[in-house]
Amino acid sequence: MELKIYKDYEQLSANAANEIADLLKQKPGAVICLASGDTPKLTYQLFAEKVINENIDISNCTFIGLDEWVGIPPENEGSCQYFFRKYLFEPLQVTPGQTYLFNALSSSFEEECKKMDETILAKGGIDLMMVGIGMNGHIGFNEPGVSFDLYSHIVNLDETTVTVGQKYFNSQTALQKGITLGLRHFMESKRAIVLANSAKKAGIIKKALEDEISNHVPATIIRTHAQGVVMIDEEAASLLK
Ligand code: GLP
């Protein structure tokens, strides 16, 4: 694993955007799994600008959505699907056939997970998984206590996730379950990147990088990924030894 510390959020986001763009220049048919959330917003904006300015062909790549709030419809602006459409798919004019997102309203989540796992397998695995880190150390909705061996699965959301997750919604929203890619996907992805910015992430970044590797802090798993990179700004790095 490699640790990269950038001066600020802008620098971090510019470098993260370059990671996605460089991969697509080398491998136009890449399979890319991205997260929603506040952290990657500027990354996606800068990535979209690069695609347009540098005329990067993204018509053959695949975008996989990392996770979703179960029961939250796609038109709700707190849903991950809404986020992906607004910050990525619409600015980039990505065609629906290139995107694979969990259906939060599915009648069978078991089927939904199976479908996602089969899609990833059929496409030859994930080339790049770029994720954020939750305040409790989660990756996607791989909450504390999760098995490192899982592919896609349904989870009961951790209390911290339910509380912190309210920031994405316009009004108080009942959040109970999530559907997420698993840490096995994360470990099997050819490159895995965790992004974090701001002082509020300093405590959990310290745990992710300095605590014993265990499912108590799921993000500690990044340290066992040979092609893992942690990209953070100076504020998020401020508590590191
Ligand atoms: C959320 C999402 C994750 C996201 C993480 C960090 O709950 N499920 O996909 O990466 O937590 O979010 P943020 O970037 O808003 O801090």
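We did not get these values from a lab; they are worked out from the coordinates using the rules stated. Bear in mind the structure is a predicted one, so any value in this text is a computation, not a measurement. Cβ placement follows ideal geometry from the backbone for every residue including glycine, while neighbour counts extend to all protein chains displayed.
Looking only at the range 125-155, count every residue that is among the acidic types (D, E) and within 14 Å of the ligand (Cβ to nearest atom) and tell me the total.
The qualifying residues number 1.
If only one of N136, N170 is surrounded by fewer than 22 Cβ atoms within 10 Å (Cβ to Cβ) and more than 25 Å from H225 (Cβ to Cβ), which one is it?
Just a single option satisfies the conditions, and that option is N170.
Could you tell me how many of the residues in the range 38-48 are surrounded by fewer than 19 Cβ atoms within 10 Å (Cβ to Cβ) and either assigned to a loop (DSSP other than H, G, I, E, B) or touching a His at 6+ places or on another chain (Cβ under 7 Å) (or both)?
Total satisfying the criteria: 1.
Given the criteria among the polar types (S, T, N, Q), more than 12 Å from the ligand (Cβ to nearest atom) and surrounded by 16 or more Cβ atoms within 10 Å (Cβ to Cβ), does N197 qualify?
no
Exactly one of these conditions fails for D158: (1) in contact with a helix residue (DSSP H, G or I) (Cβ under 9 Å, 6 or more places away or on another chain); (2) within 11 Å of the ligand (Cβ to nearest atom). Give me its number.
So the condition that D158 fails would be (1).
Any idea which residue in the range 85-119 is surrounded by the fewest Cβ atoms within 10 Å (Cβ to Cβ), counting only those that are under 19 Å from L42 (Cβ atoms) and touching an Asp or Glu at 6+ places or on another chain (Cβ under 9 Å)?
Only one residue fits best here, namely K86.
Return the pair list, or none, for Cβ contacts closer than 6 Å from residues in the range 143-169 that are in contact (Cβ under 8 Å) with a residue 12 or more places away in the chain to residues that are surrounded by 15 or more Cβ atoms within 10 Å (Cβ to Cβ) and of a type in the set (S, T, N, Q), at least 6 apart or on different chains.
P144/N136; G145/N215; V146/N215; D158/N136; T160/N136
Assess whether Y82 counts as being within 14 Å of the ligand (Cβ to nearest atom), closer than 30 Å to A199 by Cβ and without any contact (Cβ under 8 Å) to a residue 12 or more places away in the chain.
yes
Just one of V31, V51 is more than 19 Å from H138 (Cβ to Cβ), within 15 Å of the chain's Cα centre (by Cα) and buried (at least 18 other Cβ atoms within 10 Å of the Cβ); which is it?
V31
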